[in-house]
Structures are given as C-alpha cells and as structure tokens.
Amino acid sequence: MQFVTNTPAKVLDAVGFDAWYHCLPPKLGVDQFRSTLPLLVFGGASTKPVLVAKEIDRTNVEHASDGTLRFVFHSPYFSFDRLEHSAPSDVYPDVTAAFSAVVDDEVTLDADLPVALYSQLAGELRAGSPQLPRFTPPLNHYIITRSTVDEQRRMGRARGLSAAEPFMPFVAKQDVLRDWLTRPIDDSFSVLDDLMASAGLDSILATSPINVQQLTGIAAPLVSDSFALYARGSDSIHLLSRREIPWVELPEQATTNDQFFAGSINRGSVGYEELDLSMSAFCGFGLDHLNSQAGSSLLRRWRELRAWEDLGFYLAGAQITRLGIEAALRHVEHGGPDVCEWDAYEIYKSVVAHELRAESLPLRVRTYFNHTHAGNRSHIPARATKHSLRPLTSLKIDAGLELYDEQGYLRAVSDITRSAVGTSEAETFYKLLDRALTVGVIDGCKPGLTGHDMFMAGMDFLEQDHALIRDLGFCPGNEATLAEMFGRDIGHLLGKQEPATVAFEKNNQQVIESGMIAAAELQWPYHDYCIGVEDIFLIADTHTVNLTRSLEQTPA
C-alpha cells in the first residue's frame, strides 16, 4: 500500500526533505500553498520514495538530493532551447499524469490534501476513495462585525502611507500616486457581495490565513487552522479556531458545539477554498452533501480589486526590493574574479535590511522568494550557490518580499527582476527587453483590457525587432512569431501573492480593473543566458503608475 501526502511536516518526517525551503510554488501561492507543495509517494513495492514536483523546482530539488529520493517532474518550464530539440522530455504535462505514472493500484491519499488536488488524484485511481478519518470542528467561536473589519483596513491605510513616504520623492506621477494613497476606504464587503451574487453564492468559507485575514481583520499569522464564514450581506463574520485568538478587540467567546458551523452553512449555496480546504474538513463540515462550489478564484479576485488599499506597502516593497537587487548586480559587474551567485545574494539581503533600518520603516519583512542564478547554470529559477560568475554570461535576480505592518498584518508582496549581462549582444538585448516592458506593456495597460491583450501588447512590441533579436542570438531562427514561440506569461496581478485571476498570457480573458496592482515581467531563457526584467505598477483610472522605477530610470 502506497501513501500520498504533501504536508511538509509529514514529508520531512518520512524522507528528510524540506519542501518549504527547496520549493517555489508554495511560497508564491499564499492562498494555494497546500495545492502546490510537491507530492511524496512512498511505501508499497517502490524501491525509493518518489517526489512529484513542478519542473520549476527542478534545479533546487536536484541540487538538494542525497540519492534517497526519486524525482518525477510535471508542468514543463518554458525555455526557447526546447523549441530546437526534438528529444522527448521527461517532464509530464500535469500533476495527474505524473501521479498516475508512479502509483500502484492500492493507494491511500492523505485526507489533509486540499479538495481540488485530492479530487484530481482520486480521479486517477482505479480503486475507490478510502474512508476519511473523523474530523472534529474547532470549538473557539468568535463573531466579528464587518464594520470592525473595515475599521482595521482604515488603520492599515494610514500605516501604508507612513511606509510609502520615504520613497515618494523618487517615483514619477506623485500626484496620481498620492491620490490613490489617500482615497478613503469604503465598504469593502460590498465588492465581495457583488462577486458572490454574480457567482450565485449565499455564503463563503475561507480557510487560508490570507483570506481569513481578509474576512475577519485578524492578522494572518494568528489564524492558521481557522475557518471564517461570511453570509452575503451579513453584518457579521463567524470565525472558528482551534486555538484562542490573542486579539483584544474580539467579543467574548460564544457557546458552540460540533453542529454549529455545519448548521450555519446549510443555507443556500456556499463557496469554499478548494485550493486550501482539506478533504477531511470538507466532508467533516458536510460540504459534500450541500450545494457547494469552488470559491478560491472569487476570494482572489476580491483581494485584487482591493489591492489599492495597501498601495503604500506595495510601493515600499517595490523600492526596497529594487534597491537590494541593483546593489547586488553592481557588485557582480564590478567585483573581482572570485565573485559568485552567493555573493550577490548576500549583498541583496544586506541592502534590504539597511533600507528598513535607515528609514525606520513601520514594516517587518520575510523573504517571499529569491532566485539568484547564472544563465549558464540554469534556465529554471534557482537559489544562489557558489557558482562562479566569471566569465559572466548573465545573472538574473528575481526576488520578492512579504511585507507585514507592525501589528503583523500581511499587507503586500513584491516581485522584481533585474539582470547583469556580460556581452555586448546581451546588453543590447537587455535594453530592448527593458523598453518593451516599460513602454510596450506597462504604459499600455488600461482598465478593460484582458490578460491576453497584455500578452499580445508585449509580444507585438518585441516582434518589431524580431530580426534583431534573432541576429543577436536570443531566439531560434525559425519562421514562427515571438508570440507563437513564447510559452509563458509576461506578468500577473498582485493580490498579496503572485498567482492571480489575470495573468498576462495567451487566452486569459479576465478583465483588468482600476485600482489593481500588477507585476509585468519579461523572462527570457535561451542558450547560456537567462535574462529577465520585471516591475510592479498601479493600474489607475486612465493610466499606470510604475512603483518600481526611480525618476531617472523612468522612460520619457
């Protein structure tokens, strides 16, 4: 009998592999980390435990391997080089294909797997799903008024303005920026009510810490293993937690029992976070017998529509991250013969820490992610190693921070990319990419456009220089357009994380709206190079405001 889990503690206990340290997707997907952690398949007739992971993690997990695990990868990572090679790839198209290739007939799925992933995997099994263990609902019950939640948002607004002030003199369009920074917070729940009505939902159940924070106004680190329930149009939110919440503004605990939550949601249709809610909780709350539907995307959209509320934190995060990256790249460009990836990463960290101290910012930060890798080592995002940067082809630093205010609320994330290049051809190409990003993509972003529109805007801008890009040696010499060859997105919205309802990619028809915040990126892996550039920007009513560029870096 094989057992399948992706719970980090269980994986660590079973095989000594630290999925949080080595893997990127769970760091990026704050509301879907349970769905993107790598799967461990072990037991049965298999001679080695198997780790099933996205290929984006390949460089890091293989570097960490001690030979006790077998790796199987899915969801191929884009590189132009693959267009030139006819050899079959060892990467499966998706997680279900990889899973079905490594499991035996008798499999036990961990009931802690999230509903969407559990259902995907169960659909690949020939045997019926096993009996789920008993689920005991949390018994600490709190009732929070929506006015209290919006008041917390207003307090966060003032904190964000304080965080933004040191960086305001260095960015363009300061009048527009200050207007958005000081707009009053209205009834945020009315936006959620409209989204729920459009989806035909009477109530919504949030379980990921970021969405519980969004619904309850309680800082995300305090509400792990908690469940928040909101009924459309209600004046209150119900919160159940396994541990008492140390938040002085909460009312007294209400008397409750095992049936309270199930009874409360048995009213019309209920949405739930299919990317986070465990299968055991889904069945334990009786959602499998109710009119329930997936709601992760709806809650994500709500955060994206209200991203402007935390604009000050996004501005501070963008500027701090940029300053750290640019200092690291200067060190690489002017350093000695022994400079390596790790040296660049150390400079990045030190500058981030310095900026926080020097400006006395009301912030706490945590690494969201950091990739510091030479193009001649890896095309796939990778943590820094001792890999030498002499001779330099390219070094790409793609980094982000989680930004918390002093009260512990997760307010924003940053996501910035810059590159150092070592040849004249690469320098010419990098400048072209930079202009395509700022002028072709960001300047052209408007409310009402779709993710597909933004993808084509970037590709069409570059297509004008297709021949030059080919002659410089940065794309294959076939007859396809760049849009046809390019196999990934060129950006995404930021709703306190990277995964978004709008990705700037082919066929994404979700619409961009005013007040959203996005990161546009052009990542270009080919031969010995992996070059990228990425900025964060605000989508205002009629135009955009780049939160990343300093005034002297902003194109005329």
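When Arg383 is tested against (1) in contact (Cβ under 8 Å) with a residue 60 or more places away in the chain; (2) within 18 Å of Glu341 (Cα to Cα); (3) open to solvent by less than 20 Å² (accessible area, probe 1.4 Å), exactly one condition is not met: (3).
Here is a yes/no grid of residues against (1) over 26 Å from the mean Cα position of the chain (by Cα); (2) closer than 24 Å to Gln407 by Cα:
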residue: Arg154; (1), (2): no, yes
residue: Arg157; (1), (2): no, yes
residue: Phe167; (1), (2): no, yes
residue: Lys173; (1), (2): yes, no
residue: Thr182; (1), (2): yes, yes
residue: Asp186; (1), (2): yes, yes
residue: Val191; (1), (2): no, no
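I'd like the full set of residues that are free of Cβ contacts under 8 Å to residues at least 24 places away in the same chain and among the charged types (D, E, K, R), limited to the stretch 457-495. Residues satisfying the conditions are Asp460, Glu463, Arg470, Asp471, Glu479, Glu484.
Ala540 meets all of the listed conditions (1) under 19 Å from Leu433 (Cβ atoms); (2) open to solvent by less than 10 Å² (accessible area, probe 1.4 Å) but one, namely (1).
Of all the numbered requirements in (1) closer than 30 Å to Thr481 by Cα; (2) of a type outside the set (Val, Ile, Thr); (3) surrounded by 14 or more Cβ atoms within 10 Å (Cβ to Cβ), Asp110 misses one, and that requirement is (1). The set of residues in the stretch 55-70 being surrounded by 17 or more Cβ atoms within 10 Å (Cβ to Cβ) and over 22 Å from Ile531 (Cβ atoms) consists of Val61, Leu69. Could you please find all residues in the stretch 368-400 being farther than 30 Å from Arg159 by Cβ and in a strand (DSSP E or B)? Result: Thr372, His373, Ala374, Ser388, Ser394, Leu395, Lys396. Could you tell me which of the residues Ala540, Ala556 is of a type in the set (Gly, Ala, Ser), at pLDDT below 95 and more than 16 Å from the chain's Cα centre (by Cα)? Of the residues listed, the single one that is of a type in the set (Gly, Ala, Ser), at pLDDT below 95 and more than 16 Å from the chain's Cα centre (by Cα) is Ala556. I'd like to check something: does the stretch 170-193 contain any residue that is in contact with a strand residue (DSSP E or B) (Cβ under 9 Å, 6 or more places away or on another chain), more than 18 Å from Leu547 (Cα to Cα) and crowded, with 16+ Cβ neighbours inside 10 Å? Checked against the condition, which is being in contact with a strand residue (DSSP E or B) (Cβ under 9 Å, 6 or more places away or on another chain), more than 18 Å from Leu547 (Cα to Cα) and crowded, with 16+ Cβ neighbours inside 10 Å, the stretch 170-193 yields at least one hit.
For Val365, the criteria (1) among the aliphatic types (A, V, I, L, M); (2) closer than 17 Å to Ile56 by Cα; (3) assigned to a strand (DSSP E or B) hold in every case but one, which is (2). If only residues of the stretch 80-98 that are of a type in the set (Asp, Glu) and under 11 Å from Glu55 (Cα atoms) are counted, the one that is modelled with the lowest pLDDT is Asp90. Scanning the stretch 344-376 for residues that are among the charged types (D, E, K, R) and surrounded by fewer than 19 Cβ atoms within 10 Å (Cβ to Cβ) returns Glu346, Lys349, Arg357, Glu359, Arg364, Arg366.
Would you call Thr548 in contact with a strand residue (DSSP E or B) (Cβ under 7 Å, 6 or more places away or on another chain), among the hydroxyl-bearing types (Ser, Thr, Tyr), touching a residue at least 12 places away in the same chain (Cβ under 8 Å) and assigned to a loop (DSSP other than H, G, I, E, B)? In short, yes.
The residue that is least open to solvent (accessible area, probe 1.4 Å), among those in the stretch 72-89 that are in contact with a helix residue (DSSP H, G or I) (Cβ under 6 Å, 6 or more places away or on another chain) and among the aromatic types (Phe, Trp, Tyr), is Phe73.
Check every one of the helices (runs of 4 or more DSSP H) wholly within the stretch 1-46 and list those with 3 or more residues that are free of Cβ contacts under 8 Å to residues at least 60 places away in the same chain and open to solvent by 50 Å² or more (accessible area, probe 1.4 Å).
By residue number, 8-15.
Taking each residue of the stretch 117-139 that is closer than 18 Å to Val52 by Cβ and looking for partners that are of a type in the set (Phe, Trp, Tyr) and modelled with pLDDT of 90 or more with beta-carbon atoms closer than 7 Å, six or more apart or interchain, yields Leu121/Phe99; Glu124/Phe99. Among the residues making up the stretch 357-376, those that are touching a residue at least 40 places away in the same chain (Cβ under 8 Å) and among the charged types (D, E, K, R) are Glu359, Arg364. Restricting attention to the stretch 41-66, the residues that are of a type outside the set (Phe, Trp, Tyr) and over 24 Å from His371 (Cα atoms) total 9. Applying the set (1) closer than 25 Å to Glu425 by Cα; (2) surrounded by fewer than 18 Cβ atoms within 10 Å (Cβ to Cβ) to Glu505 leaves exactly one unmet item: (1). Residues that are within 15 Å of Ile469 (Cβ to Cβ) and hydrophobic (A, V, I, L, M, F, W, C) within the stretch 393-439 comprise Val421, Ala426, Phe429, Leu432, Leu433, Ala436, Leu437, listed in sequence order.
Could you check the stretch 169-191 and list, in sequence order, the residues that are free of Cβ contacts under 8 Å to residues at least 40 places away in the same chain and in a helix (DSSP H, G or I)? Pro169, Gln174, Asp175, Arg178, Asp179, Thr182, Ser190, listed by residue number. If you go through the stretch 283-308 and keep only what is more than 18 Å from Asp202 (Cβ to Cβ) and out of contact with any Gly (no Cβ under 9 Å at 6 or more places or on another chain), you end up with Cys283, Gly284.
Of all residues in the stretch 132-140, one or more are closer than 25 Å to Leu410 by Cα and at pLDDT below 90. Being in contact with a Cys (Cβ under 9 Å, 6 or more places away or on another chain) and not charged (D, E, K, R) is a description that applies to Ser79.
Among the residues of the stretch 306-343, those that are more than 23 Å from the chain's Cα centre (by Cα), without any contact (Cβ under 8 Å) to a residue 60 or more places away in the chain and either under 17 Å from Ser419 (Cβ atoms) or in a loop (DSSP other than H, G, I, E, B) (or both) comprise Ala327, Arg330, His331, His334, Gly335, Gly336, Pro337, Asp338, Val339, Cys340, Glu341, Asp343. For the condition of a type in the set (A, V, I, L, M, F, W, C), within 30 Å of Gly317 (Cβ to Cβ) and open to solvent by 60 Å² or more (accessible area, probe 1.4 Å), Ala158 qualifies.
The values are calculated or read from the model by the stated rules, or taken from the named source; none is laboratory data. Here the structure is a predicted model, which is why all the values come from computation and not from measurement. Note that each Cβ is placed from the backbone with ideal geometry, even for glycine, and that neighbours are counted across all protein chains shown. Please note that ligands, DNA and RNA were not included when accessible areas were found on the heavy atoms of the full protein model with its side chains. Shrake-Rupley method; radii C 1.70, N 1.55, O 1.52, S 1.80 Å.
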